[in-house]
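Report on the following structure.
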Amino acid sequence: MNAHDTERLLKIRVSANDKEYAWVKNVVSVSAILLGILISLKDETKIHSEIESKLFIITIILFGLCILCGLIFLYADSDTEHRLVKTVIEKEYELGGTSGLKATFVERRTIFYILRICFFVSLICSVLSLVAYAIYPEF
């Protein structure tokens, strides 16, 4: 792989990471707003069935989990950049120059891949739970 290919791949990866970061940031914001609205509009004077109460609790927990996983996942880019700088400095020191720096790539830590999956799963589950909670009283 030559330097041009490496630069092109790096640009593609940075672009994809930037787009994913922006999307997750927007989804976390919308989820936080939905969670706030859901909690603030909860009618405590109305008598709820046991199933409706459980759906409400599950929805709140899933939205909270989604927001938490999303926020921690957003930290992944910062963590990766810190580790990349450390790796580049170490390589620079080992090589005594800048000749080996072009091929330095650092992957996300495993925990951030896990949190990414948790974010998407909890997002899907929280939306499904919100829908179930919203339609249950209609039956």
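Whole-Hz ³J(HN,Hα) for each residue in the range 11-26, computed from phi via Karplus 6.51 cos²θ - 1.76 cosθ + 1.60 with θ = phi - 60°, x for glycine and proline: what do you get?
Per residue, the Karplus-derived 3J(HN,Hα) values read 4, 5, 5, 4, 4, 5, 5, 4, 5, 5, 4, 5, 5, 4, 4, 5 Hz.
Using only helices, what value at 222 nm comes out for the chain when you add -39,500 (n - 2.57) per DSSP H run of length 4 or more and divide by the total residues, to the nearest 500 deg cm²/dmol?
Working: 3 runs with 110 residues, N = 139.
The helix-only estimate for the chain comes to -29000 deg cm²/dmol at 222 nm.
How much area per residue is accessible in the chain when the probe is 1.4 Å and only protein heavy atoms are counted (Å²)?
Working: 9610 Å² over 139 residues.
Per residue, the chain has an accessible area of 69 Å².
Need the full-extension length gain, L68 to H48, defined as separation in residues times 0.36 nm minus the C-alpha distance. One decimal, nm.
On the way: separation 20, 0.36 × 20 = 7.20 nm, distance 2.80 nm.
Extending this stretch completely gives an extra 4.4 nm.
How do the peptides 64-75, 126-137, 11-22 rank, highest first, by the average count of neighbouring beta carbon atoms within 10 Å per residue? Working shown, then result.
Working: 64-75: 18.8, 126-137: 15.7, 11-22: 11.3.
Top of the packing list down: 64-75, 126-137, 11-22.
Determine the relative contact order of the chain: mean sequence separation of Cα pairs under 8 Å and six or more apart, normalised by residue count, in whole percent.
Working: 92 pairs, mean separation 47.3, N = 139.
That works out to 34 percent.
Could you please tell me the mean projected area of the C-alpha convex hull for the chain, averaged over all directions and given in square nanometres to one decimal? It would help to have the intermediate numbers written out before the result.
Details: hull surface 42.6 nm².
Spelled out: convex hull of the Cα atoms, projected over all directions, averaged, 10.7 nm².
For the chain, what % of the accessible area comes from carbon and sulfur atoms, probe 1.4 Å? Intermediate values should be presented prior to the final figure.
Details: 6500 of 9610 Å².
So the carbon and sulfur contribution to the accessible surface is 68 percent.
Full extension from I33 to L95: what is 0.36 nm times the residue separation minus their Cα-Cα distance, to one decimal in nm? It would help to have the intermediate numbers written out before the result.
Values: separation 62, 0.36 × 62 = 22.32 nm, distance 5.03 nm.
Length difference between fully extended and current span is 17.3 nm.
What FRET efficiency, computed as 1/(1 + (r/R0)^6) with R0 = 30 Å and r the Cβ-Cβ distance, is obtained for D5 and V127, rounded to the nearest 0.05?
Values: r = 40 Å, r/R0 = 1.33.
Rounded to the nearest 0.05, the efficiency is 0.15.
The values are calculated or read from the model by the stated rules, or taken from the named source; none is laboratory data. Everything quoted here is computed from the prediction, not taken from an experiment. Heads up, the Cβs are rebuilt from the backbone with ideal geometry, glycines too, and the neighbour counts pull from every protein chain shown. Calculation scope for accessible area: heavy atoms of the full protein, side chains included, ligands and nucleic acids excluded. Shrake-Rupley method; radii C 1.70, N 1.55, O 1.52, S 1.80 Å.
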